[in-house]
Amino acid sequence: MGKDVIIALDFDSREKVFSFLDQFQEEKPFVKIGMELYYAEGPDIVRAIKARGHKIFLDLKLHDIPNTVKKAMAVLSGLDVDMTNLHAAGTKAMMEAAIEGLTRPDGTRPLLIAVTQLTSTSQERMEADLLIHEPLDQVVMHYAQCAAQAHLDGVVCSPLEAGKVHEKCGKNFLTVTPGVRFADGEVGDQVRVTTPAKAKEIGSDYIVVGRPITKAEDPVAAYRRCVAEFVG
Ligand code: C5P
């Protein structure tokens, strides 16, 4: 499994995305397309970025009845993305249906990653709004184990949880981790952050980095710094 840096393309139009990507002349970074860009520009933006030679993590976090998710995943698989995701809260039946939908006639499929509990959900809100009373970290580990049992490839989690996820679900079970900041950079609205070097040490497989690269004065230099620290 290759360790890699994934740039979060949190832009609201194709013009902004392309003027950002045009700065990368020598490398073709792995990129993440989230809901904002996908809903603004539709599936054509995925095809256009793919045609430029980038690997794509399509971050749409599906969560619906198994049959609907299966059919939606078949469409996403046809877009030739490299990684996509869903909410583990949709149950193992939904995750298994998703794998079926994603698998192409030739047996290949994009990597499928589960969101456990969103990092924006606190213990307090989980108990009051979701009526889940176990400790949050145990809920995250349980969801990760369910995802592994459903044969998903990994989870999105905090880099700080990556080591424990590997312990519980095996070292080949991928950890895709946002919440990464340079030691001398701004934290912004992220709460629990780590540097790319620390994420590597704890065992993240992929780091997802947005603003430290997209808002940098020199995004290419910031990307290279991330790669140097994380991949080595
Ligand atoms: O700009 P920043 O580096 O904070 O961007 C992180 C990216 O990862 C954003 O696209 C954000 O939506 C996503 N993400 C996150 N925390 C999660 C799940 C996804 O920051 N738990």
Quick one: M1 ticks every box in (1) more than 16 Å from the ligand (Cβ to nearest atom); (2) modelled with pLDDT of 95 or more bar one, so which box is it? (2)
Return only the number of the condition from (1) within 22 Å of V17 (Cα to Cα); (2) away from the ligand (no atom under 14 Å from the Cβ) that R181 does not satisfy. (2)
Going through the range 177-230 in order, the residues found to be buried (at least 19 other Cβ atoms within 10 Å of the Cβ), at pLDDT below 95 and among the small types (G, A, S) are G179
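Residues are listed down the side, and each one gets a yes or a no for (1) over 26 Å from G179 (Cα atoms); (2) within 16 Å of the ligand (Cβ to nearest atom); (3) out of contact with any Cys (no Cβ under 6 Å at 6 or more places or on another chain):
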| position | (1), (2), (3) |
| --- | --- |
| A40 | no, yes, yes |
| A74 | yes, no, yes |
| G90 | no, no, yes |
| R109 | yes, no, yes |
Go through (1) in a helix (DSSP H, G or I); (2) within 22 Å of R211 (Cα to Cα) one by one and return the number of the condition T84 breaks. (1)
Can you find a residue in the range 91-109 that is small (G, A, S) and at positive phi? yes
State the number of residues belonging to the range 110-127 that are surrounded by fewer than 20 Cβ atoms within 10 Å (Cβ to Cβ) and in a loop (DSSP other than H, G, I, E, B). 5
Hey, any hits in the range 54-69 for a residue that's out of contact with any strand residue (DSSP E or B) (no Cβ under 7 Å at 6 or more places or on another chain) and at pLDDT below 95? no
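Quick check on the range 11-25. Is at least one of its residues within 17 Å of the chain's Cα centre (by Cα) and closer than 18 Å to V208 by Cβ?
Narrowing the range 11-25 to residues within 17 Å of the chain's Cα centre (by Cα): 11.
In the following step, the residues that additionally are closer than 18 Å to V208 by Cβ were identified as 11.
Yes: one or more hits.
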Under 8 Å between Cβ atoms, at least 6 apart or on separate chains: pull out the pairs that start in the range 173-200 with a residue that is within 14 Å of I213 (Cβ to Cβ) and in contact (Cβ under 8 Å) with a residue 12 or more places away in the chain and end on any residue that is more than 12 Å from the ligand (Cβ to nearest atom) and in a loop (DSSP other than H, G, I, E, B). V180/T195; R181/T195; F182/T195; T195/A183
Residue check, A93 assigned to a helix (DSSP H, G or I) and touching a Pro at 6+ places or on another chain (Cβ under 6 Å): yes
Select from the range 96-109 the residues that are of a type in the set (V, I, T) and in a loop (DSSP other than H, G, I, E, B) and write down the one among them that is surrounded by the most Cβ atoms within 10 Å (Cβ to Cβ). T103
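Just checking: which of the strands (runs of 3 or more DSSP E) contained wholly in the range 1-76 hold 3 or more residues that are surrounded by 14 or more Cβ atoms within 10 Å (Cβ to Cβ) and touching a Leu at 6+ places or on another chain (Cβ under 9 Å)?
Working: elements: 4-8, 30-34, 56-62.
So the answer is 30-34, 56-62.
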Identify, from the list D189, D218, the residue that is at negative phi, out of contact with any strand residue (DSSP E or B) (no Cβ under 8 Å at 6 or more places or on another chain) and within 8 Å of the ligand (Cβ to nearest atom). D189
Checking H133 against (1) surrounded by fewer than 17 Cβ atoms within 10 Å (Cβ to Cβ); (2) more than 16 Å from the ligand (Cβ to nearest atom); (3) not in a loop (DSSP other than H, G, I, E, B), the condition it does not meet: (3)
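The values are calculated or read from the model by the stated rules, or taken from the named source; none is laboratory data. Because the structure is a prediction, the values reported are computed rather than measured. With ideal geometry, Cβ positions are generated from the backbone for all residues, glycine too; neighbour counts draw on all protein chains shown.
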